[in-house]
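To start, the structure itself, in structure tokens.
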Amino acid sequence: HSQKMAHVDLKLSNLLLGSDFNLKITDFDNSYLIGDVMITSRGTKFYRAPEVYKNDCEDPMAADIYSAGIILFVMMTGFLPYAEDEVSLMKLLAKENQREFWEVQATSFKENNKPSNFPQEFKDLFWSMTRVDPSRRVSIESIKKSAWYQGAIYSTQQLKAKMREKLSEKIKNQHPKLY
């Protein structure tokens, strides 16, 4: 966004980690550069903002914030917050019924044997990023000021050690006969 560009198709498969564990964003073929006549991207199902889905996007930067909120949710929970054809959860978002939305999510997490006790700071940030009305979505500046964003940060060395540990765990779980 600082380069006057919106991606308009942010999703997990467009995010890569470099060997230094720095985030790399890829696939800018449908991006929007400020001054472009029209937005051509339709986004990707499950990650796209409602206005992108409806082909009525006037603020592609706000659409990216929405998609980043979905990515945040998936990274924290391991699940998408809803499916586009799952009307009940989308209605809760549209009605801005945060309490009921998280109750439905908690039930789903328990059914899948996943933890459901997420920090309120995460819930607040997700909610502010995924408001249905793009004019009410949080800005990147506000995200950076949020309590969740301001939480603990690993040093470069700590991050590398933590990532190596996670990768080793994943390999052990996928190939237990090797260990």
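The values are calculated or read from the model by the stated rules, or taken from the named source; none is laboratory data. Given the structure is predicted, the values throughout are model-derived calculations rather than measurements. Neighbour counts run over all protein chains shown; Cβ positions are idealised from the backbone, glycine included. These area figures cover heavy atoms from the full protein model, side chains too; ligands, DNA and RNA do not enter into them. Shrake-Rupley method; radii C 1.70, N 1.55, O 1.52, S 1.80 Å.
Placing +1 on the Cβ of every Lys and Arg and -1 on the Cβ of every Asp and Glu, with no other charges, gives the chain a dipole of roughly 780 debye about its Cα centre. Projecting the Cα atoms of Tyr66, Trp102, Ser31 onto the dipole axis of the stretch 1-140, where Lys and Arg carry +1 and Asp and Glu carry -1 at the beta carbon, places Trp102 farthest toward the positive end. Secondary-structure-derived ellipticity at 222 nm for the chain, considering helices only, amounts to -13500 deg cm²/dmol, per-run term -39500 (n - 2.57) for DSSP H runs with n ≥ 4. In percent, rounded to a whole number, the relative contact order of the chain is 18, using alpha-carbon pairs under 8 Å and six or more apart. The GNM of the chain, with springs linking C-alpha atoms under 10 angstrom apart, assigns the highest mean-square fluctuation among Arg137, Arg164, Arg48 to Arg164.
Of Glu58, Glu169, Glu111, the residue with the greatest mean-square motion in the GNM of the chain, using alpha carbon springs below 10 Å, is Glu169.
The angle separating the long axis of helix 120-129 from the principal Cα axis of greatest extent in the chain is about 30 degrees.
Between 0 and 90 degrees, rounded to the nearest ten: what's the tilt of helix 60-77 against the longest Cα principal axis of the chain? Tilt of helix 60-77: around 30 degrees. For the stretch 1-73, the relative contact order is 37 percent, taking Cα pairs closer than 8 Å that sit 6 or more residues apart in sequence and dividing their mean separation by the residue count. Rounded to the nearest 0.05, what FRET efficiency do Met76 and Lys144 have when you use their Cβ-Cβ distance and R0 = 22 Å? Result of the calculation: an efficiency of 0.80. With protein chains left intact and a 1.4 Å probe, residues in the chain average 64 Å² of accessible area per residue. Protein heavy-atom surface of the stretch 1-155, 1.4 angstrom probe: 52% of the accessible area is carbon and sulfur, with nucleic acids and ligands not counted. Using 23 Å as the Cα-Cα cut-off, could you pick out the over-long pairs in Lys54/Lys110; Lys123/Lys145; Lys24/Lys162; Lys11/Lys54; Lys24/Lys166? Flagged as over cut-off: Lys54/Lys110. Between the helical axis of 156-174 and the longest alpha-carbon principal axis of the chain there is an angle of about 70 degrees. Separation of the stretch 102-127 and the stretch 39-56, taken as the distance between their Cα centroids, equals 25 angstrom.
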